[in-house]
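Written below as structure tokens is the structure these notes are about.
The values are calculated or read from the model by the stated rules, or taken from the named source; none is laboratory data. Since this is a predicted model, take the numbers as computed values, not measurements. Cβ coordinates were reconstructed from backbone atoms using ideal geometry, including for glycine residues, and neighbour counts include every protein chain displayed. Heads up: the accessible areas ignore ligands, DNA and RNA and are worked out on the full protein's heavy atoms, side chains in. Shrake-Rupley method; radii C 1.70, N 1.55, O 1.52, S 1.80 Å.
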Amino acid sequence: MAITVTPPVEELVESFLRWMSVERGRAKNTIVSYRRDLVRYVAFLVEHKKSLITVVESDIEDYVRQLQNSGEAIASTARRIASIRMLHMYLVAEDVRTDNPASRLEGVRVPSGVPKPLSMDEVEALLSVMTGESAIEMRDRALLEFLYATGARISEASDLNLADLDMSSRVVRLFGKGSKERVVPFGRIAEEQVREYLSEGGRDMLVPDSWARGADREAVFLTNRGRRLNRQKAWHIVRDAGVRAGLKQELSPHVLRHSCATHMLEHGADLRIVQEMLGHATISTTQIYTRVSNERLWSVYRDAHPRASA
């Protein structure tokens, strides 16, 4: 009788992640999140003297309760549960297990709160505080103008390479979730700020004597040490700009993305065009911005029409 040798837990997880990347086309950032989630899950199993092979439904339910009692964000818990469900589906598909202990595991409902975009006045206030002539100040100004002009995700801006920019045609090539490529236009003001940053006294002042990593050489947005600007640093740049502008809400790159989409729809853009520009897989994701625009419409109507409250 043949003896089945079960791979180590770590190998099973890595095999699953490779499958998610290669076969399912998941983005690098998604894989990083799933790896972090599954390392935590496996640690729980080890602590309770279980493994991916011996875990049963009640063990997973205990783990989910632990997550729900930890005080972490609901969205984080939902993602961790999704990663566990997909891992166990994979193990069954690969004949590592004959049963799926996570098959009846219910996901956590994440509230679909409508995003609150900036008003046009708030955008003007934000971008007007981005002054200064140093290379860092030029970079930060170009970054905010670029994010608002294109509706790009912060990861897409961080991953942006010089070859992705076509300044003469004012379009940029972005790589979204699952490495899906799209071409997005940007306006004259964003072009001016990006050109200023890329000209003498801007990006070239951030170029190091020797590159730490070859991939940094092509990056559009650089740190003061000549490294590619990562998502965390870019997020802080946006947040700090919001503080300087005196915005009431905490500013994030995603708020700029929301604002770009909402303002375009308010000014007559077709929903399908906005979907293509933002890189949404389905139109239903983009439709959330129509609800935002309708709320804005009613707010203006109630304030402006003399018989609105009659």
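Quick notes
- The number of residues in region 265-278 that are surrounded by fewer than 20 Cβ atoms within 10 Å (Cβ to Cβ) and touching a residue at least 60 places away in the same chain (Cβ under 8 Å) comes to 1.
- Condition met for Ala281 (at pLDDT below 75, open to solvent by 70 Å² or more (accessible area, probe 1.4 Å), among the aliphatic types (A, V, I, L, M) and not in a helix (DSSP H, G or I)): no
- Whichever residue in region 228-253 is free of Cβ contacts under 8 Å to residues at least 40 places away in the same chain and touching a Ser or Thr at 6+ places or on another chain (Cβ under 7 Å) and, among such residues, is least open to solvent (accessible area, probe 1.4 Å): Arg239
- When region 111-150 is limited to residues that are charged (D, E, K, R) and at pLDDT below 95, the one that is farthest from Leu247 (Cα to Cα) turns out to be Glu133.
Per-residue answers, yes or no, for (1) among the charged types (D, E, K, R); (2) touching a Phe, Trp or Tyr at 6+ places or on another chain (Cβ under 9 Å); (3) without any contact (Cβ under 8 Å) to a residue 40 or more places away in the chain:
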| position | (1), (2), (3) |
| --- | --- |
| Asn69 | no, no, yes |
| Met120 | no, no, no |
| Ala125 | no, no, no |
| Arg139 | yes, yes, no |
| Ser158 | no, yes, no |
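- Residue within region 257-264 that is assigned to a helix (DSSP H, G or I), charged (D, E, K, R) and farther than 30 Å from Met205 by Cα present: no
- Tabulated pairs, region 80-102, first farther than 17 Å from Arg26 by Cα, second open to solvent by 40 Å² or more (accessible area, probe 1.4 Å) and assigned to a helix (DSSP H, G or I), C-beta under 6 angstrom, 6+ apart or interchain: Asn100/Val92; Pro101/Glu57; Ala102/Arg85
- Number of the condition not met by Ser103 [criteria: (1) more than 16 Å from Val238 (Cβ to Cβ); (2) at pLDDT below 90; (3) open to solvent by less than 50 Å² (accessible area, probe 1.4 Å)]: (3)
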